[in-house]
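What follows is a single structure, and I will ask about it in a moment.
The values are calculated or read from the model by the stated rules, or taken from the named source; none is laboratory data. It should be emphasised that the depicted structure is a prediction, and the values quoted were computed from it without experimental measurement. Here Cβ is always computed from backbone atoms with ideal geometry, including for glycine, and neighbour counts include all displayed protein chains.
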Amino acid sequence: MSVHPIFEQAMAPFIKPLREPIWRPVVGYEGIYDVSSLGQVRSLPRNPEVRSRGYFPRPGKILSPAMRNNYPAVLLYKNRDREHVNVHTIVLEAFAGPRPDGMQASHLDGDTTNNASANLEWATPKQNNAEKLRHGTQLYGEDHHASKLTLEDVRTIIQMDANRCKLAEISEEVGISVSQVRNVLTGGSWKAARENIDWAPYCIHCGPKSSCTCPPHPSND
């Protein structure tokens, strides 16, 4: 349905502010960078610098974020120092205030690229993880960026541990160190995977204990 031009013109003063982003200084980089309520970060025009061939002004521009650990981040410069900062942190500090102790940035819709201020809030790690699980964005197990194991490897480790195999035996079977085996059994990265794996007993020689034809092993008593 088309909108009558007269009505559109009358409503323009009210609609335009909703479409335009609100800009605020980036905390710690005031006068150098601004951040918008839509999650954009821009550099501000800087004073001309003396160069070998004269004066060259440095115009402002919208920065292009790069993905770092699944989160958009920008590179900020100040006094010849530079640092990568997640865009969600910049937005929250500008529009919601400083990060409370122990809090994390949480995306309400589960989309880590949607860094609009209305989509962000400070949350406890427990609240943040609950939101990630609800949205299906919680990375664990073989989906984790640092993982070198597959879910099948972890299933083998857990089943052998449930059958009381020694850590050294598990380590040799899977081809990882004893410390890595211990981390799979107790570490947080595999917690969700451990809770969803069948804990059926496992024989290091035959596989699932239900199909085992070996005599009892001393380590499995």
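Filter the stretch 142-173 down to residues that are surrounded by 14 or more Cβ atoms within 10 Å (Cβ to Cβ), at pLDDT 75 or above and among the hydrophobic types (A, V, I, L, M, F, W, C), then give me how many there are.
Selection size over the stretch 142-173: 8.
Please name all residue pairs, on different chains or six or more residues apart, with Cβ atoms under 8 Å, provided the first residue is in the stretch 114-137 and is surrounded by 17 or more Cβ atoms within 10 Å (Cβ to Cβ) and the second residue is basic (Lys, Arg) and at pLDDT 90 or above.
Trp122/Arg99
If you scan the stretch 89-109, which residues turn out to be buried (at least 16 other Cβ atoms within 10 Å of the Cβ) and of a type outside the set (S, T, N, Q)?
Ile90, Val91, Leu92, Glu93, Ala94, Phe95, Met103, Ala105, His107
Across the stretch 63-115, what is the number of residues that are β-branched (Val, Ile, Thr) and in a loop (DSSP other than H, G, I, E, B)?
2
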